[in-house]
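Have a look at the structure below before the remarks.
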Amino acid sequence: MVCRSIAALASALSIAMPLVASFGPAFAQGRASDPPRGDAWRMSCNEARRLVSQSGGAVLYTAPGRYDLYHPNGAACYSLMQVTQEAYIRTKDTAQCLVGYTCVEPEPLLHWRR
């Protein structure tokens, strides 16, 4: 009984593995719908703005290991729990560059005390 299960598993894997391997490079490169990426500290303010506006949104790295998704307009937040906020980031030539907008969760309106 165990021998048949192992044989069936081996047969299934011999069919499935080439199929999975053929999709590997596509998954490693990201999906076609992924937004473009850029290093903001290596770009001028105009280059960062252009990347966000021309692509409809971009992921910008603002420091090593830190990044966010920036949108060209304020209508990009789809969640009811988020609001749009202007996004100012440091670029190669500007300390406070308005590159677009980002989605954030709003602060509570009331702070309750006990």
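The values are calculated or read from the model by the stated rules, or taken from the named source; none is laboratory data. Here the structure is a predicted model, which means the values were calculated and not measured. Neighbour counts run over all protein chains shown; Cβ positions are idealised from the backbone, glycine included.
Could you look through the range 53-66, keep only residues that are under 20 Å from D34 (Cβ atoms) and among the small types (G, A, S), and pick out the one that is modelled with the lowest pLDDT? Spell out the reasoning first.
Kept after step one, since they are under 20 Å from D34 (Cβ atoms), are these residues of the range 53-66: 53-62, 65-66.
Right, trim to among the small types (G, A, S) and you get 53, 55-58, 65.
Working: S53: 95, S55: 92, G56: 92, G57: 93, A58: 95, G65: 89.
For the range 53-66, the residue satisfying everything is G65.
Could you give me the residue pairs with C-beta distances under 6 Å whose first residue belongs to the range 79-108 and is more than 23 Å from Q54 (Cα to Cα), whose second residue is polar (S, T, N, Q) wherever it lies, and which are 6+ apart or on separate chains?
What qualifies is E105/Q82.
Count, please, the residues in the range 90-101 that happen to be surrounded by 14 or more Cβ atoms within 10 Å (Cβ to Cβ) and either within 18 Å of P35 (Cα to Cα) or not hydrophobic (A, V, I, L, M, F, W, C) (or both).
Within the range 90-101, residues that are surrounded by 14 or more Cβ atoms within 10 Å (Cβ to Cβ) and either within 18 Å of P35 (Cα to Cα) or not hydrophobic (A, V, I, L, M, F, W, C) (or both) number 7.
Does A7 meet the test of being at pLDDT 55 or above and under 29 Å from E105 (Cβ atoms)?
no
Would you mention how many residues in the range 67-85 are small (G, A, S), within 18 Å of G38 (Cβ to Cβ) and out of contact with any Cys (no Cβ under 8 Å at 6 or more places or on another chain)?
Residues that pass the stated criteria total 0.
Take D34 and decide whether it is among the acidic types (D, E), in a loop (DSSP other than H, G, I, E, B) and modelled with pLDDT under 95.
Yes, satisfied.
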